[in-house]
Amino acid sequence: ALFTLRIDIWLCNKFISPDAAGEYAAIIPWTNYLRQYALILSEVISPMSIIYFAKSEINNLIRMNDLAVRVLALLLTIPVCIFCVFSESFLRLWLDDSHTHLAPLLIILTFHLFINLSVNPLLNIQTVFNKVKWPAIFTLFFGVLNFVLAILMITILNWGIYGVAITSMFVLTLKSAVFTPIYAAKILHYPWHYFLHSFLPGGLLFCCLIVIGIGLN
């Protein structure tokens, strides 16, 4: 998990420059705040997941987690859209005019989070069914993949901090938006795409808010 989520600044410092690591570090706290926001909201339903499983009320467990994904995606869409549409204004307020060039970095690091963080409630399914071995193995795989791809992005493609951000986005999407919902559906013996539909309301709201935000901007 650390290799998947927490090595970006170290990679920037080690393979680019301390200045680049400092710029990246100025942006990354906001993604961490969104992660904590999603984690708190998803943990609210964790006890209910355990209770439903203990009572063998599996249908209630599925409906609750499906609804939680939909609601969490909608709630995350609002701050994500604010970061994306008003990125330059936000950086001007948060730092100063000399850092507005980091707006694309802020967009890359945040625009996908309304999907990738909204799957957190589905982790309850892995826990209550005691199906955590394969998620652990895949997390290890994705962590190594993140490390290797980021180095290739920096050293071969010379994409700098944007290469690190793009790699982080790509690997996190594979793990959260692809593997986690498909594996949760497999545990429940549901069609593999069952929980993928839960992202649609958040995706539609995201598109609408982006259009409205661009008009306001």
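The modelled label-to-label distance for the pair Ile50/Arg35, using points 7 Å beyond Cα in the direction of Cβ, is 2.4 nm.
Note: relative contact order over segment 80-164, using C-alpha pairs below 8 Å and six or more positions apart, is 21 percent.
Given a cut-off of under 8 Å on Cα pairs at least six residues apart, what relative contact order in percent is computed for the chain? After rounding, I find 30 percent. Lysine pairs in the chain whose alpha-carbon atoms fall under 27 angstrom of each other, counting only those eight or more residues apart or on distinct chains, come to 9. From its DSSP helices (H runs of at least four residues, each -39,500 (n - 2.57)), the chain gives a residue-normalised ellipticity at 222 nm of -23500 deg cm²/dmol.
Computed over protein heavy atoms with a 1.4 Å probe, the carbon and sulfur contribution to the accessible area of the chain reaches 71%.
Rolling a 1.4 Å sphere over the protein heavy atoms, what is the accessible area per residue of the chain, to the nearest Å²?
With the other protein chains kept in place, the chain gives 51 Å² per residue.
Quick one: Cα convex hull volume of the chain, Å³ per residue? Display every interim value, and only then the final one.
Numbers: hull volume 24.9 nm³, N = 217.
So the per-residue Cα hull volume is 115 Å³.
Please state the equivalent ellipsoid semi-axes for segment 1-105: what are the square roots of 5 times the Cα gyration tensor eigenvalues, largest first, in whole Å?
They are 37, 18, 9 Å, listed from largest to smallest.
Among Thr110, Thr180, Thr127, the largest mean-square fluctuation in a Gaussian network model of the chain (Cα springs under 10 Å) belongs to Thr127. With the simple model of a label 7 Å out from the Cα in the direction of the Cβ, Val178 to Leu74 spans 2.9 nm. About its Cα centre, the chain has a charge dipole of approximately 760 debye under the convention of +1 per Lys or Arg Cβ and -1 per Asp or Glu Cβ, with nothing else charged.
The values are calculated or read from the model by the stated rules, or taken from the named source; none is laboratory data. Treat the numbers as computed from the prediction; the structure is a model and nothing was measured. Don't worry about glycine lacking a Cβ; one is built from the backbone with ideal geometry, like all the others, and counts go over all protein chains shown. To get the accessible areas, we keep the full protein, side chains included, count just its heavy atoms, and leave off ligands, DNA and RNA. Shrake-Rupley method; radii C 1.70, N 1.55, O 1.52, S 1.80 Å.
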